[in-house]
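Have a look at the structure below before the remarks.
Quick note: the coordinates plus some simple rules give every number you see, no bench work behind them. Since the structure is predicted, the reported quantities are computational estimates derived from the model, not experimental observations. In this analysis, Cβ positions are derived from the backbone assuming ideal geometry, glycine residues included, and neighbour counts consider all displayed protein chains.
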Amino acid sequence: MYRICEKEVLAPNIIHMRFEAPRIAEAARPGQFLILRVDDRGERLPLSLAGWDPELGTVDVVFYVLGTSTMKLASLKVGDNVLNLAGPLGEPTEVSRFGEVICACGCFGIGPTIPLIKALKDAGNRVVTVVEGRGRSFIFWEERLRDLSDELHVVFGDGSCSEPGWANKFISRYLEEGNRADRIFVHGCPFMMMVVSEASRPFGVKTVVSLTPLMVDGTGMCGACRVEVGGETRFACVDGPDFDGHLVNWRTLTNRMRQLVDEEDLSQRLWERRNWHRLVHIQTNCNTNGRCYR
Ligand SMILES: Cc1cc2nc3c(=O)[nH]c(=O)nc-3n(C[C@H](O)[C@H](O)[C@H](O)COP(=O)(O)OP(=O)(O)OC[C@H]3O[C@@H](n4cnc5c(N)ncnc54)[C@H](O)[C@@H]3O)c2cc1C
Ligand code: FES
């Protein structure tokens, strides 16, 4: 059993949780993930590592509340336990002295970007971070991103800031203006990673994306997480989750991710009906002054 020692709603439907998991905290590296099971009837839920502290023996995740498993997790409170946490899984992100690096992130992808920026800075890179959100209330950990990065750009899809648009627009503009980038890293939903990869493609800047296909075992044995990269089949859980975004077949990835939508919808409706009394603990909305319910 793994105890939840912190829980915070960061943005609408986006939750940060910290777990006591000393062995994962000792071994974790940027770009890796864990697989969690809430209880013995739970599916295996992959979540990227958004931080870890080997001294305290804790690991952090940031998740978007989408369907049954993330709802179940969101309904837990500080002091509750989850049944299993397996990790760290996947290949760590390749970090070396690239030079000028752009980190693009949005939604739950802001979480794993934090340890990545730290590692890139430790390796001697200059890091320009661009964080996107539908509007102000969807951005979290802005000060942490600003403190860690050499430059931070915050872009809002609703146009309510000085740099309107999404991260892909920012990257096109940034590269068109002649700014240098030696590597781009992207964390966010598959659509965001796809459009950022398209934005950088004409400039030939290698763009590393962290893929989130459906997973089952997370150890390379079931084939559920297969993705096509450069015309070859790769398993995101053991060969990734990082891949070159210019080589990913995004159409097959998104089609495969949508293959169980009917079953997922049914599962969510049944869970909500049976667990109406737990919904009160989900509290996925921040209050208006920016502080979050716990
Ligand atoms: C290596 C890896 C790391 C991940 N890291 C994170 C993370 O840090 N935080 C996080 O919130 N999620 C992360 N994910 C995605 C997360 O595992 C899924 O969103 C989760 O399994 C959804 O489970 P569910 O039962 O709540 O929803 P489901 O019922 O399984 O899904 C609900 C709906 O959301 C769609 N969906 C599922 N996954 C995604 C997705 N990734 N993006 C957009 N739509 C999706 C489904 O097609 C379905 O329509 C990661 C996935 C992988 C493989
Ligand atoms: S999740 Fe089974 S092979 Fe990757």
* Once both axes come from the Cα atoms, what is the angle between helix 167-176 and the longest principal axis of the chain, in degrees from 0 to 90, rounded to 10? -> 10
* Structure fact -> Computed curve, the chain, Cα-only Debye sum without solvent term, log₁₀ I(q)/I(0) at 0.11, 0.15 Å⁻¹, is -0.64, -1.25
* Asked: Loop-only check: which trypsin sites (Lys or Arg not before Pro) in region 78-127 are DSSP coil with at most 15 other Cβ within 10 angstrom?
  -> R97
* Asked: For region 219-264, how big is the tail of P(r) above 14 Å, as a whole percent of Cα pairs?
  -> 49
* Asked: Looking at region 169-249, which GluC sites (Glu not before Pro) are in a loop (DSSP not H, G, I, E or B) and have at most 12 other Cβ atoms within 10 Å?
  -> E177
* Asked: For region 100-210, rounded, prolate or oblate, judged on the Cα gyration tensor with a ≥ b ≥ c (square roots of eigenvalues), a/c < 1.5 rounded, else prolate if a/b > b/c?
  -> rounded
* To do: Please determine, in degrees from 0 to 90 and to the nearest 10, the orientation of helix 261-274 with respect to the longest principal axis defined by the Cα atoms of the chain, where the helix direction is its Cα long axis.
  => 40
* Asked: Where in region 128-212 are there trypsin sites (Lys or Arg not before Pro) that are in a DSSP coil and have at most 13 other Cβ atoms within 10 angstrom of their Cβ?
  -> R180
* With 24 Å as the limit, write out which pairs from K121/K206; K72/K169; K7/K72 have Cα-Cα distances beyond it, or answer none. => K72/K169
